[in-house]
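The values are calculated or read from the model by the stated rules, or taken from the named source; none is laboratory data. All values derive from a computational prediction rather than experimental measurement. So basically every Cβ, Gly included, is an ideal-geometry build from the backbone, and we count neighbours across all protein chains shown. SASA here: full protein model, heavy atoms, side chains in, ligands and nucleic acids out. Shrake-Rupley method; radii C 1.70, N 1.55, O 1.52, S 1.80 Å.
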Amino acid sequence: MGGPSGAGDSVYVALEGQEGVFAIPKGVVSRAEVTVPELRSKRIAPRISGDQLRRLSVEAAEFEGDAAFQVEAQEVGAAWEITRPFRDLADRDQIENLAAELYNHRLSEDDFVSDDPAQAPDYGLESPALTLSIQGDGESQTILCGVKGAGESAAFFAMEKGEGAIVRISRSLFESLRKGPGDLRMRSLVAAPATDVKQLQLKRPEGDVVVSEEGGVWHIQGAPRADADPSLMDQI
């Protein structure tokens with residue numbers, strides 16, 4: 001890239017190893033004039049998409065009166081299960097939302113505080129306040145989060161294990177990643193959409209009732225067969 005061509009707001013350029021000189025708009029050249037802080041990725045870690053997530057674990061130290069905990073969850077077939085500290089169904093949406101909080105967070109140039117991993121102890125990362133491990137198809141990541149100070153003056157930092165960059169993060173991101181067993185477990189009594197239900201059997205002391213859906217209409221089975229109240233069936 002050379003100097004002004006004298007023809008409008010353009011500059012001279014040439015392709016290395018090839019003959020010929022061209023004039024192109026100066027604005028095109030200016031797009032390549034970036035600094036290293038501008039050029040580097042503004043993500044804490046490369047994204048693992050939701051459909052590729054296979055395992056997740058969170059290990060958290062005590063924080064502002066909240067107890068320390070460990071939680072592990074993994075995909076089992078078509079569902080997610082919590083495997084530690086107890087076994088239960090996990091809420092896929094909560095797990096994918098946690099991952100989205102990490103991957104959607106965008107850093108600013110000023111958030112890069114160090115590129116020397118030896119300085120990790122200076123940012124509370126030697127004994128992390130939070131360790132988040134995510135495993136996908138053929139790849140895994142471990143994110144370390146540290147806290148320096150307390151209360152309103154607390155500062156929060158993060159780094160991907162094995163990488164050099166130490167970055168500043170917000171309190172809100174730290175708290176969004178600090179999800180325990182109670183946050184991740186399934187809250188629904190039945191892990192199926194209501195539209196998938198085709199038959200209900202209600203067992204009662206006075207007798208059982210079976211209601212089936214056929215062609216969008218609910219029928220009470222028995223003799224004689226009768227139509228069921230659709231609004232009541234929707235509620236059930």
Quick one: which residues, 5 or more positions from residue 112 or on another chain, have an amide H under 5 Å from its amide H? H modelled 1.01 Å from N in the peptide plane, none for Pro or chain starts. 168
Contact order normalised by residue count of the chain, Cα under 8 Å, 6+ apart, percent: 15
Per residue, in Å², the accessible surface of the chain once ligands and nucleic acids are set aside, probe 1.4 Å: 62
Charges only on Cβ, +1 for Lys and Arg, -1 for Asp and Glu: so what's the dipole of the stretch 1-75 about the Cα centre, in debye to the nearest 20? 340
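I need the fraction of alpha carbon pairs in the stretch 81-152 separated by more than 22 Å, rounded to a whole percent.
When every Cα pair of the stretch 81-152 is considered, 39 percent fall beyond 22 Å.
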Just the accessible area for residue 1, please: 1.4 Å probe, Å², rounded to the nearest 10? 150
Applying a 10 Å radius around every beta-carbon, put 216-224, 28-36, 49-57 in order of their mean neighbour count, most first. 49-57, 216-224, 28-36
Leaving ligands, DNA and RNA out of it, report the carbon-plus-sulfur percent of the accessible area of the stretch 33-154 at a 1.4 Å probe. 43
Along its three principal axes, how long is the chain when you only count alpha carbons? Whole Å, largest extent first please. 95, 50, 35
For residue 24, other-chain or 5+-apart residues with amide H closer than 5 Å (H placed, Pro excluded) are 11, 13
Please list the non-local residues whose amide H lies under 5 Å from the amide H of residue 218, H modeled 1.01 Å from N, same-chain partners needing a gap of 5 or more. 228
For the stretch 135-199, treating each Cα as an identical point scatterer without solvent, what Debye log10 I(q)/I(0) comes out at q = 0.12, 0.14, 0.19, 0.27 1/Å? -0.54, -0.65, -0.88, -1.18
Pairwise label distance in nanometres, residue 154 with residue 204, each label 7 Å out on the Cα-Cβ vector: 5.2
Relative contact order computed over the stretch 26-148 (Cα-Cα under 8 Å; 6+ residues apart), in percent: 28
Compare the Cα positions of 82, 52, 71 along the charge dipole of the stretch 47-88 (+1 at Cβ of Lys, Arg; -1 at Cβ of Asp, Glu; about the Cα centre) and return the one farthest towards the positive end. 52
With Cα atoms, 0 to 90° folded angle of helix 92-104 axis to the chain main axis: 10
Rounded to whole angstrom, the alpha-carbon centroid of the stretch 132-188 lies from that of the stretch 200-223 at a distance of 49
